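These notes concern the structure reproduced below.
The values are calculated or read from the model by the stated rules, or taken from the named source; none is laboratory data. Every value quoted in this text rests on a predicted model; they were computed, and no experiment measured them. Virtual Cβ from ideal backbone geometry, glycine too; neighbours counted across all protein chains shown.
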Amino acid sequence: MNSRRMVKFFLCPLAGMVLATPSSAIAEPPLSAGLIATIDRQIDRSIGNWIRFYKTCHSHPELSLHEKESAARLAKVFDQAGITVTQHVGGYGVVGVLANGKGPTILIRTDLDALPVTEETGLPYASKTTFTEPDGSKVGVMHACGHDMHQTVMAGTSQTLAAMKDKWAGTIVFIAQPAEEIGQGARLMIEDGLFKRFPRPDRCIALHVSHELKVGTIGYTPGWAFANVDSVNITIYGRGGHGSAPQTTVDPIVTAAQVVMALQTIVSRRINPRDAAVVTVGSFHAGTKHNIIPNEAHLQLTVRSYKDSVRKTLLGSIRQITTDIARSARCPKPPKVEILDADFTPAAYNDPALTAKAVEVFRELLGPDNAIEQPPTMGGEDFGRYSKYLGVPGFMFRLGAVDKARFNAAQLPGAEPLPSLHSSKFRVDPEPCIRTGVRSMTALALSLLKRE
């Protein structure tokens with residue numbers, strides 16, 4: 001494109017004459033109008049197919065570690081686009097490699113799995129999939145976290161970038177990842193040789209739908225964006241007996257209750273107030289009847305943080321406080337404190353420089369008011385494991401998913417809040433969401449893979 005230069009006028013103090021001198025060139029936009037128009041033409045040609053793809057994904061969700069058909073659908077899309085495909089990486093993970101000459105390597109990731117939620121959206125393409133619990137009861141399966149939209153944007157982005165190979169140079173590694181909802185998929189793929197068997201990325205990018213943003217908008221968060229997530233199981237051992245004679249027992253319920261309350265002092269008294277942290281006891285189970293003091297009490301915790309040092313303090317404090325309270329209660333043996341390492345999800349950090357570059361692209365593409373900075377969340381996202389493992393910049397942005405009428409109505413005083421992610425009533429507005437997602441991800445990828 002043509003470079004525009006600004007001319008700055010000033011009065012020469014010696015001769016009193018006006019001089020013209022060039023100042024520094026105005027920065028070129030991150031993407032030319034012609035390139036954006038090419039992206040849009042590609043989208044217009046395929047949007048109908050992508051909407052059908054989305055509805056198929058939504059109607060046929062699969063739980064974590066069971067994403068067989070979801071993986072096969074995306075593998076077929078990659079293959080038809082001329083992308084080299086490898087399936088069954090870390091379970092049902094799919095890797096597509098699109099090499100296009102000398103240049104940087106970027107990773108683009110989507111997730112595949114759905115949730116054990118019975119859908120209540122009333123959509124004509126709503127999920128009717130169920131799974132059977134151990135007790136024989138049936139529970140619905142639903143894409144209540146937008147992974148169906150993530151897959152659709154991945155399909156559209158991969159096809160668009162494959163059709164625009166004359167506009168970029170480098171290598172793209174497309175990742176379709178299983179088991180994000182249980183925090184295991186990224187780890188499983190890495191352990192299966194993801195970065196040994198395939199090109200090693202210089203940057204990692206991804207998106208996640210947002211129930212807090214309307215379609216046509218993008219959210220971004222520099223720095224920490226998603227939290228470390230740890231799951232902890234605690235068993236308190238007592239000595240059971242009759243409820244009418246508590247003096248003959250060691251009551252694990254009372255002891256566990258003391259543990260619950262004492263754990264709440266960790267964040268308020270052991271963590272720097274400027275550091276984010278959460279310790280939540282989400283489950284407390286003990287006993288079977290009114291007049292029986294049981295032998296055991298069981299707690300389940302979720303623990304959230306950003307910094308590794310804060311995580312270490314939280315987990316160490318949970319173990320120490322639980323052990324000391326059980327000892328002071330004369331429990332017959334020390335408590336069992338299990339930190340479930342297999343379920344750990346590391347915090348996701350958005351590299352500030354990469355974030356700034358992406359925001360520049362989004363503002364050029366969508367307009368300055370449609371790229372919106374958002375606060376970090378204490379929710380988990382195992383996408384952060386890729387960039388942390390590699391030691392390279394990573395960036396995940398948020399894709400507005402709510403139709404404009406519903407979004408605007410929800411802003412009125414007294415209005416019912418919009419259904420959140422993981423809600424049985426969560427739904428997206430497919431066509432504009434797909435368009436914005438494919439436009440944004442494609443444009444960001446092109447900005448990172450500029451042909452010299």
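Identify, please: which residue in segment 424-446 is of a type in the set (Ser, Thr, Tyr) and buried (at least 19 other Cβ atoms within 10 Å of the Cβ) and is, among those, nearest to residue 125 (Cα to Cα)?
436
For residue 350, which of the numbered conditions (1) modelled with pLDDT of 95 or more; (2) over 26 Å from residue 198 (Cα atoms) fails to hold?
Single failed check for residue 350: (2).
Check 61, 124 and return the single one that is over 23 Å from residue 207 (Cα atoms) and not hydroxyl-bearing (Ser, Thr, Tyr).
124
Could you please let me know if residue 105 is over 25 Å from residue 212 (Cβ atoms), at pLDDT below 95, β-branched (Val, Ile, Thr) and more than 18 Å from the chain's Cα centre (by Cα)?
no
Just checking, which of 313, 355, 302, 322 is buried (at least 21 other Cβ atoms within 10 Å of the Cβ) and either closer than 25 Å to residue 257 by Cα or at pLDDT below 95 (or both)?
Checking each option against the conditions leaves just 322.
Just to be sure I understand, how many residues within segment 163-186 are on the phi > 0 side of the Ramachandran plot and surrounded by 24 or more Cβ atoms within 10 Å (Cβ to Cβ)?
Of the residues in that region, 1 qualify.
Could you list all residues from segment 236-248 that are touching a residue at least 24 places away in the same chain (Cβ under 8 Å) and surrounded by fewer than 19 Cβ atoms within 10 Å (Cβ to Cβ)?
Across segment 236-248, the qualifying residues are 237, 239, 240, 241, 242, 243, 244, 246.
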